[in-house]
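What follows is one structure encoded as structure tokens, with my remarks underneath.
The values are calculated or read from the model by the stated rules, or taken from the named source; none is laboratory data. Keep in mind that this is a model prediction, so the values were computed, not measured. Backbone-built Cβ (ideal geometry, glycine too); neighbour counts: all protein chains shown. We work out accessible area using only protein heavy atoms, side chains counted, and drop any ligands, DNA or RNA first. Shrake-Rupley method; radii C 1.70, N 1.55, O 1.52, S 1.80 Å.
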Amino acid sequence: MFRLIQLHTEDGVPRIGVDPDGYVSARAALAHYRTTSATYFAVGRFDHEGTLTEVILDPICGLDGACQRPASVVHAKTFERLCERCSAGMDVLTVPQLARRLGIACRLAPSVARFRQSSIGGLRAPSGNRIAREFADHVHDVAWRMQLCSELAESRTALNGLLIGAGALTHRQVLDLYPALCSLGEELPAQIRSDLCRATARPLSPAGVAGLRLGLSFRD
């Protein structure tokens, strides 16, 4: 049995959430995952007792594959898939390192030869990479937030950088930066804000984590 799974850290400890819907094959689960990849982390293989025995990762960089380069690592805090170029300067884990951290076998799924689209955009280096690296140090800066919102409004390809940057904040940073984070949440382009509000209904997803840290709610 295969199910879609979510992954986030809580006090530095990885926490896994499981979608109730099951699939008879990894291919079927991946096909559904690729239509909702901002919500989920990967596909999980479960044994007959319901124990997670393997994590199957999408082989394409980014939340929606906008980069289209092969993924080789995951971000050490947000677990976003990244290629070698997009991960430059970031704290990352290889797939074997991720497996050791989770205590569960992990592998990349076979590559796909088609472009994939998502409802809430993705990452193209260097824009998303830069935003992710600058986020914690610059989100309090009104001018920087305006530039970020401008990039999101023009192309929306910077969204993955926003999700990685917000997701990588420590709990202390979230508390310290919360007024600025809420301000950014209010300043986001309307469609981005609406998408992140809806994503908070799944608080373990990358977009859900970011939406909550920006003070958004699916009721907004």
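Numerical summary
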{"quantity": "Condition met for R145 (under 22 Å from C182 (Cα atoms), at pLDDT 75 or above and not acidic (D, E))", "calculated": "yes"}
{"quantity": "Subset of region 188-220 [surrounded by fewer than 21 Cβ atoms within 10 Å (Cβ to Cβ), polar (S, T, N, Q) and not in a helix (DSSP H, G or I)]", "calculated": "S217"}
{"quantity": "Filter pass, S150 being surrounded by fewer than 16 Cβ atoms within 10 Å (Cβ to Cβ), touching a Ser or Thr at 6+ places or on another chain (Cβ under 9 Å) and not assigned by the TED database to the domain that holds V92", "calculated": "no"}
{"quantity": "Hits in region 69-86 (condition: closer than 27 Å to C197 by Cα and open to solvent by less than 50 Å² (accessible area, probe 1.4 Å))", "calculated": "V74, H75, A76, T78, F79, E80, R81, L82, C86"}
{"quantity": "Hits in region 1-21 - residues which are surrounded by 12 or more Cβ atoms within 10 Å (Cβ to Cβ) and without any contact (Cβ under 8 Å) to a residue 24 or more places away in the chain", "calculated": "D19"}
{"quantity": "Filtered residues of region 37-53 (kept if modelled with pLDDT under 85 and either small (G, A, S) or open to solvent by 40 Å² or more (accessible area, probe 1.4 Å) (or both))", "calculated": "S37, A38"}
{"quantity": "Residues of region 92-124 satisfying the condition of being at pLDDT below 90 and under 19 Å from A210 (Cβ atoms)", "calculated": "S118, S119, I120, G121, G122, L123, R124"}
{"quantity": "A132 vs. criteria aliphatic (A, V, I, L, M) and modelled with pLDDT of 85 or more", "calculated": "no"}
